[in-house]
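Where a number appears in this text, it was derived from the coordinates with a stated rule and is not lab data. Since the model is a prediction, treat every value here as computed from it, not as a measurement. Cβ placement follows ideal geometry from the backbone for every residue including glycine, while neighbour counts extend to all protein chains displayed.
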Amino acid sequence: MLNSKTPAGPLEQKWTEFKGHCKLVNPANKRKLEIVVVGTGLAGASAAAALGELGYKVKAFCFQDSPRRAHSIAAQGGINAAKNYQNDGDSVFRLFYDTIKGGDYRARESNVHRLAEVSTSIIDQCVAQGVPFAREYGGLLSNRSFGGTQVQRTFYAAGQTGQQLLIGAYQALERQVALGNVTMYARHEMLEVVIVDGKARGIIARNLVTGELERHFGHSVLLCSGGYGNVFYLSTNAMGCNVTAAWKAHKKGAYFGNPCFTQIHPTCIPVSGDHQSKLTLMSESLRNDGRIWVPKKQGDARRPNEIPEEERDYYLERRYPAFGNLVPRDVASRAAKERCDAGYGVGTSRQAVYLDYADAIQRYGKGEVNKRNLQGLSAAEVTQLGKDVVKEKYGNLFDMYEKITGENPYEIPMRIYPAVHYTMGGLWVDYELMTTVPGLYCLGEANFSDHGANRLGASALMQGLADGYFVIPYTIGNYLADDIMTKAIPEDHPAFVEAEKSVSDRISQLMNIKGKQTVESFHKRLGKIMWDKCGMARNEKGLKEAIVEIQQLKKEFWSDVKIPGVVNEMNPELDKANRVADFIELGELMCLDALNRRESCGGHFREESQTEEGEAKRNDAEFSYVSAWEYKAEHEWQLHKEDLNFEVAKPTQRSYK
Amino acid sequence: MSSNNMNLTLKVWKQKNSQDTGRFETYQVKNVSEEMSFLEMFDILNEELIREGKDPIAFDHDCREGICGTCSMYIDGKPHGPWQANTTCQLHMRAYKDGDTITVEPWRANAFPVIKDLMVDRSSFDRIIQSGGYISVNTGNAVDANALPVEKDKADAAFAAAACIGCGACVAACKNSSAMLFLSAKVSHLALLPQGGPERKTRVLNMVAQMDKEGFGSCTNTGACEAVCPKEISLSNISRLNGEYIAAGLVSEK
Amino acid sequence: MKWSEFFTSSIGKKFVMGLTGIFLVLFLIVHVSINACIFADLPIFNAEDNGRMFNVAAHFMGSTVLIRILEYGLFIGILLHIVQGYALTVKNRAARGVGYAVNLGNRGSKWYSRSMGLLGTLILLFLILHLGHFWTKARFTDQLSPVTYNGVEMHDMFTRMKDVFASPLVVLVYILGCISLAYHLAHGFQSAFRTVGVHNKKYNILLTSLGYGFSIIVPLVFALMPIAMHFGWVA
């Protein structure tokens, strides 16, 4: 039976109650307790730093060459917090409510409320660390609005908020390294969890420079290893993002929660050809001013500027007059797909829609004319004024677009298309962020907990830092307090030996296949299956086909993959093979989960469950639960359900018309 | 639009590991489209090499959107290649034409030893940060974020310095292999904010001491670092660092 | 921080370079002003001066106690600048064990900013020659003919200049010395101020412009002296 260990009492008292009554570890004992942290993004770096500050002995691992390079760094837009600095009616409750509703009522109320509660402390902590958030002329912090909310609660640092927050956490982490509380292992990849007497007690990691396998003991293990969007091959994730750490834990007994919940971001630069290795996000903020359209005529081959106004279909404004271009991410993405599938797509691939700034440029140009009281300007001069304003607001994004596509977005509408961006699913955790394996915790994007079926913009950064700075320091004590008498387990313990052997056997097996096809080619094929059949729209037939295809792909992978080089040296292809092998298995589980969930909710759209107008239709009677999958054997999982009870935020059908 | 019409010659540094002396290898890459990124061109070359049973080229890369600072190729004599304010991963093949020969080397500096091929070890940057590139505030100690107003111009300048991605192009470009632009960006970021005040003096002294220990050269203000910096970190940060260091060093009482 | 730590750190060493550089810039102002006195002989001013103004100025510099003390300071400054400069150049070169096959060259910086060691060496060679021509002669030998103004006897440096610059080869070497100095200053002037910590953008722009002006005008005036002497523009 799944026990979420949610404290009793009224929702807004639960966290206070927990903190007031959880077990504590005294400082002298903390020094004797070792904690392994895998991943150094916002969740991992903040957790390692915070635990080091408390006096625990921390070992932190990342596969990158420095903890500062984790993919949290690429987050653009901002971080939410219920500070209500704008006096616009924000509160902890509203942030909680927006997050639950944005997640389409598939998240656990208690976790989300705690997230909203600690959100304000995150901003305080980051500012104290020197994170240079945007400020007003009075010297106080600036806020902007983001999708899915009606208040301004997003704190930001230009379009590089993730970078600035990660550097803040990284600096805190390096400070603990300098103080000797944290030992950092960069260019190391975790390849197995070590379990002793039913508890997580360490990991096996591969030193990516020398190829050696290393054993690392910890009284507990924290997985902060990010999301698994790269299962689709093409996504906005970094090339190295992978599911391996979480997947190893899953196969050792940690349940996987809601694996099919993936977020497809509507505004990304479209695929340009088979060579494409990754996709680039254009911040959601662009939809504040840009208008999205396709031609009214199918297969219209004219250049965008040659298509007259009356022959353009501003389909979001047409379908959703109330929210227009600012509908939530899942809705905007599906609408773009619908148009392209119907033959209205633009660009050479026909898999793109236009994001047009011509109107905004004119509007801003005229605004400047009024503001500066200019007279007798030509149309070209007004346009130039407008372009200047747009440049000031979005210049870095426009530059990025031009570098990638070679087109000038000030002159030609941008071509955009949805792309995989974030995974709401992840390892199932209880209120204390512990997985179903005792002593094994999961933080940040790697867990399933806070975003339900759809994440709101600017909430990922909030969750990563909440988990690391303000949740785990309390909850881990509750577990470790009972472990103070446990001595460090020597690394020649049979469990370590066996775990290492299983890793090295698997590596040998991979290396000995000596087949014909490259790792990359398998990854691409997996991605195509996932995108076509478990992507923006899913149906029973497709998912069933996908499962068969993935099982077939797995067989082929394990009999025909070609990995160059040797084991005992740096071998990026071997690293990649390890990851792709896990993605293939995950892909199957995602399809299984999507197949099981015969409703549409958030990012999960089952074609069988839609309204007459083609909108997503949730089925609360049958599916108001978290799917937590237990690994049994190859191709075999058992479903456990955690029922979701909404005591405060009562579910309603979302509408943006 | 996608015309795979370029054939290129690549001269790439190959080095088995840090002990190996290394050498240039020449490769032919065919059917390159101008829409590819520079790293995608390497992906394609590597796929080909693997299929032919040859050793692929190791290079560092991760986010491929110009922010993580992992990619680090010295292309035809310029860190991150010919475009201004750009990282290797954002360089696209539009910058080249059919028949071009491109020479690709790793970052060169004693403080950045080559690990393999085009990959170098930049952990010296981490150690510089460890020596003081932070504000010592334990989690939970913070006062309300708006309790301390910061002059907007200073906050903006601090942000501009904090935009550094730690890629090391400044070191690679500098004739002295100096890390001063990297270091000055961090010192400036923290010195410009009131939160950084209490540790302002010890921070700069310790960080410079660590930089010297790592074997970077010293700054002669040539400006090459600023010219190649993908985030356009200003040279004036180095001047600020000098001022901070001199003031701290001369007034320190120990 | 101990003094030894401060002055052996990379920035401490550069601080010494910057300070001595600024000190030498000040010296150049004095030197060029004194030398410019020869132009008092130009027909447009006073063709009858016959080097008197210059000789008196040179005598003042050589006979005033305070200036003689400053002279020691100057030599210490030059020495420090040279020793530290070479030490830094060697250390900086050593920071890159394996070089590049293709260099960044002028795409990132001006050639003269990367050649301060070379330019400094050329200036040093010139300086040795120059001291040999004038300073050692005046200070340590009796080879210079005397001249008396208002009852005060002094060296006739003006005539010495005429003698030295009679050789076209010497004039050429002096011009090359001045060109080296110009490029050394073009980078060194503004760099020295950056090194001692001037980071205000407004001032940096001002100092850079000032530096370019200085590096053109001062060496030009210096170079005009041998030329003027050689071609007899001043009697």
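What is the order of B:Met211, C:Met229, fewest Cβ neighbours within 10 Å to most? Show your work: numbers first, answer last.
On the way: B:Met211 26, C:Met229 22.
Listing B:Met211, C:Met229 from fewest to most nearby Cβ atoms yields C:Met229, B:Met211.
Please list, in order along segment C:75-80, the HN-Hα scalar couplings obtained from phi with the Karplus expression 6.51 cos²θ - 1.76 cosθ + 1.60 (θ = phi - 60°), rounded to whole Hz, x for Gly and Pro.
Result, rounded to whole Hz: 5, 4, x, 4, 4, 4.
List, in order, the whole-Hz ³J(HN,Hα) value for each residue of segment A:497-510 obtained from phi through the Karplus relation with A = 6.51, B = -1.76, C = 1.60 and θ = phi - 60°; use x for Gly and Pro.
The phi angles translate into 4, 5, 5, 5, 5, 5, 5, 5, 4, 5, 5, 4, 4, 4 Hz.
Nearest 0.05, what FRET efficiency do A:Ser349 and C:Asp163 give at R0 = 56 Å with Cβ-Cβ as r?
Details: r = 84 Å, r/R0 = 1.49.
Given R0 = 56 Å and the Cβ-Cβ separation, E is 0.10.
How would A:Arg350, A:Arg415, B:Arg127 line up from fewest to most surrounding beta-carbon atoms within 10 angstrom?
On the way: A:Arg350 15, A:Arg415 23, B:Arg127 18.
By the 10 Å Cβ count, ascending, the order reads A:Arg350, B:Arg127, A:Arg415.
Which value in deg cm²/dmol, rounded to the nearest 500, describes the helix-derived mean residue ellipticity at 222 nm for the protein assembly as shown, given -39,500 (n - 2.57) per DSSP H run of n ≥ 4 and division by the residue count? If you can, show how the numbers build up before the last one.
Details: 36 runs with 491 residues, N = 1146.
Result for the protein assembly as shown, helices only: -13500 deg cm²/dmol.
Taking N as the number of residues in segment C:100-235, what is its alpha-carbon radius of gyration divided by 2.2 N^0.38 Å?
Values: Rg = 19.2 Å, N = 136, 2.2 N^0.38 = 14.2 Å.
That ratio works out to 1.35.
Mind checking segment B:153-254 for GluC sites (Glu not before Pro) that DSSP puts in a loop (not H, G, I, E or B) and that have at most 10 other Cβ atoms within 10 Å? Write out the running numbers ahead of the final one.
Working: sites: B:Glu199, B:Glu214, B:Glu226, B:Glu232, B:Glu244, B:Glu253; in loops: B:Glu214, B:Glu232, B:Glu253.
Passing sites in segment B:153-254 are B:Glu253.
How much net charge surrounds A:Trp637 when only other residues with a Cβ under 12 Å from its Cβ are counted (Lys, Arg +1; Asp, Glu -1)? Display every interim value, and only then the final one.
Details: positive: A:Lys251, A:Lys632; negative: A:Glu585, A:Glu588, A:Asp593, A:Glu630, A:Glu634, A:Glu636.
Every neighbour counted, the sum reads -4.
Considering only Cα-Cα distances, which of the following residue pairs are longer than 23 Å: B:Lys14/B:Lys186; A:Lys59/B:Lys201; A:Lys544/A:Lys650; A:Lys393/B:Lys78; B:Lys78/B:Lys231; A:Lys576/B:Lys11?
As for pairs spanning more than 23 Å Cα to Cα, those are B:Lys14/B:Lys186; A:Lys59/B:Lys201; A:Lys544/A:Lys650; A:Lys393/B:Lys78; A:Lys576/B:Lys11.
Enter the angle in degrees (range 0 to 90, nearest 10) between the Cα long axis of helix A:92-102 and the first principal axis of the Cα atoms of chain A, meaning the one along which they spread out most.
Its long axis makes an angle of about 80 degrees.
Among rounded, prolate and oblate, which fits chain A when a ≥ b ≥ c are the square roots of the eigenvalues of its C-alpha gyration tensor, a/c under 1.5 means rounded, and a/b larger than b/c means prolate? Working shown, then result.
Working: a/c = 1.64, a/b = 1.36, b/c = 1.21.
Taking the square roots of the gyration eigenvalues as a ≥ b ≥ c, chain A is prolate.
Expressed as cubic angstrom per residue, what is the convex hull volume of the alpha carbon set of segment B:121-184?
Details: hull volume 7.2 nm³, N = 64.
It is 112 Å³ per residue.
Could you work out, residue by residue across A:263-272, how many beta carbons of other chains sit within 10 Å of that residue's beta carbon, and then give the average as an integer? Don't jump to the answer; show the numbers that get you there.
Working: counts 0, 0, 0, 0, 0, 0, 1, 0, 1, 9.
Average per residue, whole number: 1.
Lys/Arg Cβ at +1, Asp/Glu Cβ at -1, dipole of the protein assembly as shown taken about the Cα centre: which of B:Ala109, C:Leu185, C:Cys37 is farthest positive-ward?
Farthest towards the positive end: C:Cys37.
Below 8 Å between Cα atoms, with a sequence gap of 6+, how large is the relative contact order for segment C:70-182 in percent?
Numbers: 42 pairs, mean separation 25.8, N = 113.
Computed over segment C:70-182, the figure is 23 percent.
Rounded to the nearest 20 debye, what is the charge dipole size of segment B:6-115 about its Cα centre when +1 sits on each Lys and Arg Cβ and -1 on each Asp and Glu Cβ? Present the calculation step by step, with values, prior to reporting the outcome.
Details: 12 positive and 17 negative charges, 71 e Å.
It works out to roughly 340 debye.
Let me check against my output: what whole-number percent is the relative contact order of chain C, with C-alpha pairs under 8 Å and at least 6 apart? Write out the running numbers ahead of the final one.
On the way: 213 pairs, mean separation 67.7, N = 235.
With pairs under 8 Å counted, the relative contact order is 29 percent.
Grab the other residues whose beta carbon is less than 9 angstrom from that of A:Ser624, score K and R as +1, D and E as -1, and report the net.
Details: positive: A:Arg106, A:Arg618; negative: A:Asp620, A:Glu622, A:Asp643.
It works out to a net charge of -1.
Classify segment A:494-625 as rounded, prolate or oblate from the Cα gyration tensor: take a ≥ b ≥ c as the square roots of its eigenvalues, call it rounded if a/c is under 1.5, otherwise prolate when a/b beats b/c and oblate if not.
Details: a/c = 3.36, a/b = 2.18, b/c = 1.54.
Prolate shape, in that a/c is at least 1.5 and a/b is the bigger ratio.
With 10 angstrom as the radius, rank C:Thr208, C:Thr195, C:Thr141, A:Thr16 by how many other C-beta atoms surround their C-beta, starting from the fewest.
Working: C:Thr208 16, C:Thr195 28, C:Thr141 8, A:Thr16 13.
Sorted ascending by nearby Cβ count, the order is C:Thr141, A:Thr16, C:Thr208, C:Thr195.
Between the DSSP loop rule and a limit of at most 10 other Cβ atoms within 10 Å, which GluC sites (Glu not before Pro) in segment A:596-657 are left? Spell out each step's value before the answer.
Details: sites: A:Glu599, A:Glu607, A:Glu608, A:Glu612, A:Glu613, A:Glu615, A:Glu622, A:Glu630, A:Glu634, A:Glu636, A:Glu642, A:Glu647; in loops: A:Glu599, A:Glu607, A:Glu608, A:Glu612, A:Glu613, A:Glu615, A:Glu634, A:Glu647.
Here the sparse-neighbourhood loop sites are A:Glu612, A:Glu613, A:Glu634, A:Glu647.
When the Cα atoms of the protein assembly as shown are enclosed in a convex hull and the volume is divided per residue, what value in Å³ results? Working shown, then result.
Numbers: hull volume 231.7 nm³, N = 1146.
Roughly 202 Å³ of hull volume per residue.
5 Å is the cut-off here: which amide hydrogens, built 1.01 Å from N in the peptide plane, fall below it relative to A:Arg153, excluding neighbours closer than 5 in sequence?
Those qualifying (amide H under 5 Å, at least 5 residues apart or on another chain) are A:Arg144, A:Phe146.
Taking chymotrypsin sites (Phe, Trp or Tyr not before Pro) that fall in a DSSP loop and have at most 15 other Cβ atoms within 10 Å as cut points, what is the longest piece of chain C between them?
Working: sites that count: C:Phe45, C:Phe231, C:Trp233.
The longest such stretch corresponds to C:46-230.
Counting pairwise Cα distances across chain C, what percent come out greater than 30 angstrom?
Percent of Cα pairs beyond 30 Å in chain C: 34.
Please get the size of the charge dipole for chain A, origin at its Cα centre, with Cβ charges of +1 on Lys and Arg and -1 on Asp and Glu, quoted in debye to the nearest 20.
Values: 81 positive and 82 negative charges, 77 e Å.
Using Cβ point charges on Lys, Arg, Asp and Glu, chain A gives about 380 debye.
On a C-alpha basis, how far is the centre of segment A:1-56 from the centre of segment C:173-235 in Å? Whole number, if you could?
65 Å
Only loop residues by DSSP count here, and only those with at most 14 other Cβ atoms within 10 Å; note down the GluC sites (Glu not before Pro) in segment A:90-187 that meet that. Each step should come with its number before you reach the end.
Values: sites: A:Glu109, A:Glu117, A:Glu136, A:Glu174; in loops: A:Glu136.
Here the sparse-neighbourhood loop sites are A:Glu136.
Treating only the Cβ atoms of Lys and Arg (+1) and Asp and Glu (-1) as charged, compute the dipole magnitude of segment A:265-420 about its Cα centre; round to the nearest 20 debye. Walk me through the numbers before you get to the answer.
Values: 24 positive and 23 negative charges, 56 e Å.
Dipole size: approximately 260 debye.
Counting only residues 5 or more places away or on other chains, whose amide H sits under 5 Å from the amide H of A:Val196 once H atoms are built in the peptide plane?
A:Arg201
How far, in degrees from 0 to 90, does helix B:152-162 lean away from the longest principal axis of the Cα atoms of chain B, to the nearest 10?
Taking the Cα atoms of chain B, the angle to B:152-162 is about 40 degrees.
At 0.36 nm per residue, minus the direct Cα-Cα distance, what do C:Leu118 and C:Leu80 gain on full extension? Give it in nm, one decimal, please. Intermediate results must be reported in sequence, preceding the final value.
Numbers: separation 38, 0.36 × 38 = 13.68 nm, distance 1.68 nm.
Difference between extended and current length: 12.0 nm.
Calculate the mean, over all residues of peptide C:186-193, of how many other protein chain Cβ atoms lie within 10 angstrom of the residue's Cβ. Each step should come with its number before you reach the end.
Numbers: counts 0, 4, 2, 0, 2, 6, 1, 3.
Mean partner-chain Cβ count within 10 Å for C:186-193: 2.
What does the average come to when, for each residue of peptide B:27-40, you count the partner chain Cβ atoms lying within 10 Å of its Cβ? The partial results should precede the final answer.
Values: counts 0, 0, 0, 0, 1, 1, 4, 2, 9, 5, 8, 0, 3, 7.
For peptide B:27-40, the averaged partner shielding equals 3.
Roughly how far apart, in whole Å, are the Cα centres of segment A:325-392 and segment B:4-66?
Spelled out, the Cα-based centre of one part sits 38 Å from the other.
Would you give the gap between the C-alpha center of segment A:521-553 and the C-alpha center of segment C:96-135, rounded to a whole Å?
64 Å
Please list the non-local residues whose amide H lies under 5 Å from the amide H of A:Trp629, H modeled 1.01 Å from N, same-chain partners needing a gap of 5 or more.
A:Phe256, A:Gly257, A:Asn258, A:His640
Taking the Cβ of A:Asp330 as the centre, find all other residues whose Cβ is under 10 Å away and add up their charges (Lys, Arg: +1; Asp, Glu: -1).
Numbers: positive: A:Arg329, A:Arg334, A:Arg455, A:Arg654; negative: A:Asp104.
After counting each charged neighbour, the total is +3.
So what's the angle, to the nearest 10 degrees on a 0 to 90 scale, between helix A:540-560 and the longest Cα principal axis of chain A?
Roughly 50 degrees, rounded to the nearest 10.
Which ³J(HN,Hα) values, rounded to whole Hz and listed in residue order, are derived for segment C:125-137 from phi using the Karplus coefficients 6.51, -1.76 and 1.60 in 6.51 cos²θ - 1.76 cosθ + 1.60 with θ = phi - 60°, glycine and proline given as x?
Those phi angles translate into 4, 4, 4, 4, 4, 5, 5, x, 5, 10, 5, 5, 4 Hz.
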